[in-house]
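S.K.: A single structure is presented below for examination.
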Amino acid sequence: MTDNADRLLEVRGLKKYFKVGKNKILKAVDDVSFSIRQGETLGVVGESGCGKTTCGRTCLGIYPKTDGQVLYRGEDVHAMDKKSRQSFTKQAQIIFQDPYASLDPKMKVQEIIAEGIRAHGMAKNEAEIRERVEGLLATVGLDPAYGSRYVHEFSGGQRQRIGIARALAVEPAFIVCDEPISALDVSIQAQIVNLLERLQRERGLTYMFIAHDLSMVRHISDRVMVMYLGKIMEITTADQLYDSPRHPYTQALLSAIPIPDPRVEAAKVRIRMDGEIPSPIDPPRGCRFQNRCPYAEQRCREQEPGLREVGDEHFVACHL
Ligand code: SF4
């Protein structure tokens, strides 16, 4: 899907299954292939339980894979030796949805941000660590003096800025942003997205930006991948996805985004998704979206559609 030379991350047939109870298997990520170019943002979108967070964490090696391959700069993330692994954990970072849960409340902000700098031996002495932390706080739009405070003293948006500073501390090249704005007020969401975009421009970062709906993703993404029940339904450039979505699930997600103009909103054709999301423990045979798809036909219940190219850089998993 992208030229070999500029691929930072390449995912081939990745599967991540979890054992649930005695004999049941939850197929959180089920045979997905995609790549991310150096310096781009790939938005990953889908409802809760679609496998997007598991996909991001398996790409970082936080979860062991069940099958397939994740290559970072051509090296298998799940088969790295200790030295490569250490280098990878410095280059590939994560920003979490809930910064309050991911930042230790007993530690001062200074220490939280300094952890990675210490672990990777990136400063000669304490004075240099302090200087770096203060610089990082300023970079994410916080007062450098805030280093002496605790996490509970900050608002949600400020905490997310601390989470971003912590990720930046080790000078990464690739960041998985795991729903970094979902828990924030709408007014703060745009500020965090703008901050991430500025950092990307200044530092040449590559992002996998995970979100549960499509409303904020267009702004930050070069390409968008839509997931449903562990599978990729559609992947293409952000412009093509929003202007000419081809998969019925993408169309339904887009039609659910409210439009600020009441007349346009009232005239909008809404594509309804009836039915519940099936369990990933026992997904339906054939197309996984069949029980909610308004266009489902007999072959959708019998054959699983593969991801196929329908246009330039546009791939869709649908029989129609
Ligand atoms: Fe709908 Fe069939 Fe396409 Fe699945 S393959 S999205 S059920 S039309």
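The values are calculated or read from the model by the stated rules, or taken from the named source; none is laboratory data. Being a predicted model, the structure only gives us computed values, none of them experimental. When we count neighbours, we look across all protein chains shown, and the Cβ atoms used for this are built from the backbone with ideal geometry, even at glycine. These area figures cover heavy atoms from the full protein model, side chains too; ligands, DNA and RNA do not enter into them. Shrake-Rupley method; radii C 1.70, N 1.55, O 1.52, S 1.80 Å.
S.K.: I'd like to verify a number: residues in segment 226-250 that are among the aromatic types (Phe, Trp, Tyr) and away from the ligand (no atom under 12 Å from the Cβ), how many?
M.R.: Number of matching residues: 1.
S.K.: On to the next question. Take residue 230 and decide whether it is in contact with a strand residue (DSSP E or B) (Cβ under 9 Å, 6 or more places away or on another chain), on the phi > 0 side of the Ramachandran plot and not β-branched (Val, Ile, Thr).
M.R.: yes
S.K.: For segment 300-318, enumerate the residues that are buried (at least 18 other Cβ atoms within 10 Å of the Cβ) and either assigned to a loop (DSSP other than H, G, I, E, B) or in contact with an Asp or Glu (Cβ under 6 Å, 6 or more places away or on another chain) (or both).
M.R.: 305, 307, 315, 316, 317, 318
S.K.: Of everything in segment 21-46 that's outside any strand (DSSP E or B) and open to solvent by 40 Å² or more (accessible area, probe 1.4 Å), which residue is nearest to residue 227 (Cα to Cα)?
M.R.: 38
S.K.: Quick check on this structure: which one of 166, 118 is over 18 Å from the mean Cα position of the chain (by Cα), charged (D, E, K, R) and open to solvent by 50 Å² or more (accessible area, probe 1.4 Å)?
M.R.: Details: 166 fails: over 18 Å from the mean Cα position of the chain (by Cα).
On inspection, the qualifying residue turns out to be 118.
S.K.: Can you tell me which residue is most open to solvent (accessible area, probe 1.4 Å) among those in segment 185-242 that are in a helix (DSSP H, G or I) and in contact with a Phe, Trp or Tyr (Cβ under 8 Å, 6 or more places away or on another chain)?
M.R.: Only one residue tops the list, namely 218.
For (1) open to solvent by less than 50 Å² (accessible area, probe 1.4 Å); (2) modelled with pLDDT of 95 or more; (3) of a type in the set (D, E, K, R); (4) not in a helix (DSSP H, G or I), each residue gets a yes or a no:
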site: 93; (1), (2), (3), (4): yes, yes, no, yes
site: 134; (1), (2), (3), (4): no, yes, yes, no
site: 152; (1), (2), (3), (4): no, no, no, no
site: 157; (1), (2), (3), (4): yes, no, no, no
site: 177; (1), (2), (3), (4): yes, yes, no, yes
site: 180; (1), (2), (3), (4): yes, no, no, yes
